[in-house]
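J.: First, the structure itself, so that you have it in front of you.
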Amino acid sequence: MPRLDRDLIGTVLEPIVAEVEKGEIRQFADAIGATDPIHTDPEAARAAGYLNLAAPPTLVFCLTQRNSEPTERLVRLGFDVAKLLHGEQHFEYFHPVCAGDTITLSTRIEDIYEKKGGLLEFMVQKTDAVNQDGKLCATMTAVVVQRHG
Amino acid sequence: MNAADLRVGDAIPELTIDRVSRQTLALYAGASGDHNPIHIDTDFTREAGVGDVFAHGMLVMAWLGRALTGIAPQSALRSWGVRFASITQVGAQIRCTGTVTEKFEQDGEPRLRLDIAATDEHGDVKLKGEAVVAVG
């Protein structure tokens, strides 16, 4: 019944490199209705202590999917994407992500387990987002759920 | 609203979002890079037997984030996380709420811990989780 290979636990996926642009921060802020000028006005961002436009808190998660083919990656890991759920998402922040940054996203498969007699399988993925200066900006933990049946 | 004035048990100002529209989902698909057709293509969802498109969970999480940055600057957000409890339908009106559960000190700074949630107009919980915000 289980379809996810337990040997994947501990695997580090190929890193994704994202160049963060002013335009994408403005577009993202607009799409989520965030009106704080730190996302749209470089002067306001600098006045608030940022080097450039600040990415809203969840944009760092989206950098992976904006700069890769996330579905293909999930298929390669063995998922049936038609029966996939995002179970949980967690963020921890250490340093801001701003326009002009180059962020390297490295994902490690922390755990794979099942519940309900194997009807649900869970994969825990932990991603570090590190900027061009080697500073850890954020860590993200995602729980991805595979439904069976 | 100053987060430093909040006490355990206090609610943060509620954030009510405009009803979820297909246009909102299309704009978020483009901005987030999540092009999964289940959120934007009704032909696909009908074919797949799931009825209508529904909102990206991460869009609702982004709205919840706005409720948090409403009480403190974004730079004060230390950590947060949610469990995605149920899907958010087109037409849903999402309310983002939070309640202070703890005041504590860590790494030499005062912090608040909050229970946070996004619910629809029927009171159905969509996202539920916790956040830690630095104050003062």
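The values are calculated or read from the model by the stated rules, or taken from the named source; none is laboratory data. Quick caveat: nothing in here was measured; it's all calculated off a predicted structure. No Cβ is skipped: glycine too gets one built from the backbone with ideal geometry, and neighbour counts run over all protein chains shown. The protein model used for the area step is the full one, side chains on, heavy atoms only, and it has no ligands, DNA or RNA in it. Shrake-Rupley method; radii C 1.70, N 1.55, O 1.52, S 1.80 Å.
J.: Search region A:16-38 for residues being surrounded by fewer than 16 Cβ atoms within 10 Å (Cβ to Cβ) and touching a residue at least 40 places away in the same chain (Cβ under 8 Å), and hand back the single one that is farthest from A:Asp80 (Cα to Cα).
T.: A:Glu21
J.: Additional query: Would you be able to say whether some residue in region A:55-70 is within 12 Å of another protein chain (Cβ to nearest Cβ) and touching a Pro at 6+ places or on another chain (Cβ under 7 Å)? Break it down stepwise before answering.
T.: Here is the first cut: in region A:55-70, the residues within 12 Å of another protein chain (Cβ to nearest Cβ) are A:55-70.
This time we only want the ones that are touching a Pro at 6+ places or on another chain (Cβ under 7 Å), so: A:64.
Yes - at least one qualifying residue is present in region A:55-70.
J.: Inspect region A:39-59 for any residue being hydroxyl-bearing (Ser, Thr, Tyr), in contact with a Leu (Cβ under 8 Å, 6 or more places away or on another chain) and in contact (Cβ under 8 Å) with a residue 12 or more places away in the chain and give the result as yes or no. I'd like the intermediate steps shown before the answer.
T.: In the first step, residues of region A:39-59 are kept if they are hydroxyl-bearing (Ser, Thr, Tyr); the result is A:40, A:50, A:58.
Keeping just the survivors that are in contact with a Leu (Cβ under 8 Å, 6 or more places away or on another chain) gives A:40.
Checking which are in contact (Cβ under 8 Å) with a residue 12 or more places away in the chain leaves us with A:40.
Yes, some residue in region A:39-59 is hydroxyl-bearing (Ser, Thr, Tyr), in contact with a Leu (Cβ under 8 Å, 6 or more places away or on another chain) and in contact (Cβ under 8 Å) with a residue 12 or more places away in the chain.
J.: Filter region A:111-136 down to the residues that are of a type outside the set (A, V, I, L, M, F, W, C) and within 30 Å of A:Glu21 (Cα to Cα) and list them by number.
T.: Our first condition is that a residue be of a type outside the set (A, V, I, L, M, F, W, C); within region A:111-136, this holds for A:111, A:113-118, A:121, A:125-128, A:131-135.
A:Gln125, A:Lys126, A:Thr127, A:Asp128, A:Asn131, A:Gln132, A:Asp133, A:Gly134, A:Lys135 - these are the residues of region A:111-136 that are of a type outside the set (A, V, I, L, M, F, W, C) and within 30 Å of A:Glu21 (Cα to Cα).
J.: Answer with yes or no whether B:Lys128 is open to solvent by 50 Å² or more (accessible area, probe 1.4 Å) and under 11 Å from the mean Cα position of the chain (by Cα).
T.: Details: open to solvent by 50 Å² or more (accessible area, probe 1.4 Å): yes; under 11 Å from the mean Cα position of the chain (by Cα): yes.
So B:Lys128 fits the description; yes.
J.: I'm checking my understanding of the structure. Among residues of region A:1-28 that are part of a helix (DSSP H, G or I) and hydrophobic (A, V, I, L, M, F, W, C), which one is nearest to the other protein chains (Cβ to nearest Cβ)? Talk me through it step by step, then tell me what you get.
T.: Of region A:1-28, the ones part of a helix (DSSP H, G or I) are A:6-8, A:22-28.
If we keep only those that are hydrophobic (A, V, I, L, M, F, W, C) as well, we get A:8, A:25, A:28.
Details: A:Leu8: 22, A:Ile25: 10, A:Phe28: 4 Å.
Looking at the filtered set, the residue picked out is A:Phe28.
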